[in-house]
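Some notes on the structure that comes next.
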Amino acid sequence: MSKVKRDEILGILDGYDKEELTIATLGSHTSMHILHGAKKEGFRTAVVCEKGREVPYQRFRVADEFIMVDRFSDIVNEDIQEKLRSMNSIIVPHGSFVAYAGLDHIENDFYVPMFGNRDILRWESERELERKLLTEAEIRIPMKFKDPEDIDRPVMVKFPGARGGRGYFVASSTEEFNEKIDSMMERGWITEDDIKDAHIEEYVSGTNFCIHYFYSIMNDEVELMGMDSRFESNIDGLVRIPARDQLEINLDPSYVITGNHPVAMRESLLPQVFDMGDNMVEAAEKLVPPGMNGPFCLQTMCTDNLEIVTFEISARSDGGTNTFMHGSTYSCLLHGEGMSMGRRVAREIKVATENDRLPEIIT
């Protein structure tokens, strides 16, 4: 397969009726506020939806057009791509789109104009590229262990891909690592291939802040849009049980994300937050141009010495943006109106279209 070329995408975009653009996405993850925000800005909307999962988009009336598929992965099929192009569609990516469409397809044979930087999606998915990006941005990250035999302190073990925490676990020794790997294998949460790519990093104790940014090419500004923290099962259930009773329960902790809740950070920490966002945009522009175009998220822990440590990035709309469909503490301050991440994306597309700058924000 040959990589999708920018001039080919811009050729497709050039043939679009700019007065009849459609904002489209896959029916999962953060699609409701992407579609709702697009409608707020006057766009038609389309959702590619797996049969049987269309009810939320119908009940909330966020989609004008439904493209029904047997499997989400069918979005890369040529007939589906042709339907999207016929609607003058611009795809807005999110975590489920990346997972189901697949990076190889997105990079090599998905010929639908996409908001943001399709090349940077691989950098969030592959741990070594992710660490390279964070290191270039001079953002504090957890120490990495190359070999399970070197574990000498609590570590978090993660696996590749957008899996919402499934299969992640904490271990404090090589023996515990091996025991939990066996348990995850028995549950079918990881495979032999996953084990080879296990990412082992220092466990940082602190409070969770997932920080949502938007880099506007139109304004050349990094905007702080909101923050959330995560509900994780079954670890959140376990910690509600008294410690003496936890010992009697034969249940392996898991960190599967099941929901999100909005948070606000103490104001004295916000200078760190803005520095991190600015540094990330500069590093991404250098390593994978055009860089962090649009939404991105730094998933962090804040320690008791008020140091913010980043353990993961999302280089597109992150699941936690669902917590501010009506706007957040921070987007309200900046925009003075209910500004979801989806609406902010649509606003950028609208401004770019009105100023004949649409190619600058499309890949």
Report task. May I ask you to compute the full-extension gain from Asp79 to Glu186, defined as 0.36 nm times their residue separation minus their alpha-carbon distance, rounded to one decimal in nm? Result -> 34.6 nm
Report summary line: Share of accessible surface on carbon and sulfur in the chain, whole %, 1.4 Å probe and ligands ignored, is 47
Report summary line: Counting sequence-distant residues (5 or more places) and residues on other chains, those with an amide H built under 5 Å from that of Glu232 are Thr258
Report task. Among Ala284, Ala315, Ala352, determine the one that fluctuates most according to a GNM of the chain built with springs between C-alpha atoms less than 10 Å apart. Result -> Ala352
**Report entry** Using alpha-carbon coordinates, inclination of helix 341-354 to the longest axis of the chain, degrees
**Finding:** 30
Requested in this report: Work through the residues other than His33 whose Cβ is under 11 Å from its Cβ and net out their charges, Lys, Arg +1 and Asp, Glu -1.
Outcome: +4
Requested in this report: Take Leu269, project a point 7 Å from its Cα along the Cβ direction, then tell me which residues of segment 307-324 have their backbone nitrogen under 15 Å from it.
Outcome: 307-312
Query raised in the report: Tally Lys/Arg at +1 and Asp/Glu at -1 over every other residue whose Cβ is under 14 Å from the Cβ of Met218; what's the total?
Result: -4
Query - Mean-position separation - Cα centroids, segment 219-292 and segment 311-363, in angstrom - result: 18
Query raised in the report: Once phi is turned into ³J(HN,Hα) by the Karplus curve 6.51 cos²θ - 1.76 cosθ + 1.60 with θ = phi - 60°, what whole-Hz value does each residue of segment 24-34 show in order, with x for glycine and proline?
Result: 10, 7, 7, x, 5, 6, 10, 6, 5, 7, 4
Report task. Report, to the nearest 10°, how far helix 127-136 tilts away from the longest principal axis of the Cα atoms in the chain, using its own Cα long axis and a range of 0 to 90°. Result -> 80
Query raised in the report: When the label point is put 7 Å from the Cα of Lys51 along its Cα-to-beta-carbon vector, which residues of segment 62-95 have a backbone N closer than 16 Å?
Result: 66-75, 80
Requested in this report: For segment 16-138, report the accessible area per residue in Å² (1.4 Å probe, heavy atoms, rounded to an integer).
Outcome: 40
Query raised in the report: Over the chain, what lengths in whole Å, largest first, do the semi-axes of the equivalent ellipsoid take, defined as the square roots of 5 times the eigenvalues of the alpha-carbon gyration tensor?
Result: 35, 23, 20
Report task. In whole angstrom, note down how far apart the Cα centers of segment 141-216 and segment 58-75 are. Result -> 33
Query - Cleavage-rule hits (trypsin sites (Lys or Arg not before Pro)) in segment 248-318: DSSP loop, at most 15 neighbouring Cβ within 10 angstrom - result: Arg266
Query raised in the report: In nm, what is the difference between 0.36 nm times the number of residues separating Asp278 and Asp70 and their Cα-Cα distance?
Result: 70.8 nm
**Report entry** Filtered GluC sites (Glu not before Pro), segment 219-305: DSSP coil and at most 10 other beta carbons within 10 Å
**Finding:** Glu248
Query raised in the report: What distance in nm separates the simple spin-label points at Thr303 and Met143, each placed 7 Å from Cα in the Cβ direction?
Result: 1.0
Report task. Can you pull the one-decimal nm distance between simple spin-label points at Ile195 and Asn208, each 7 Å off the Cα toward Cβ? Result -> 2.7
Requested in this report: Treating cross-link reach as a plain straight distance, find the lysines whose alpha-carbon is under 21 Å from the alpha-carbon of Lys39, omitting any fewer than eight places away in the same chain.
Outcome: Lys18, Lys83, Lys350
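The values are calculated or read from the model by the stated rules, or taken from the named source; none is laboratory data. Please read these numbers as outputs of a predicted model, since none were measured by experiment. Note that we place each Cβ from the backbone using ideal geometry, even for glycine, and neighbour counts take in every protein chain shown. All accessible areas refer to the heavy atoms of the entire protein, side chains included, with ligands and DNA or RNA removed. Shrake-Rupley method; radii C 1.70, N 1.55, O 1.52, S 1.80 Å.
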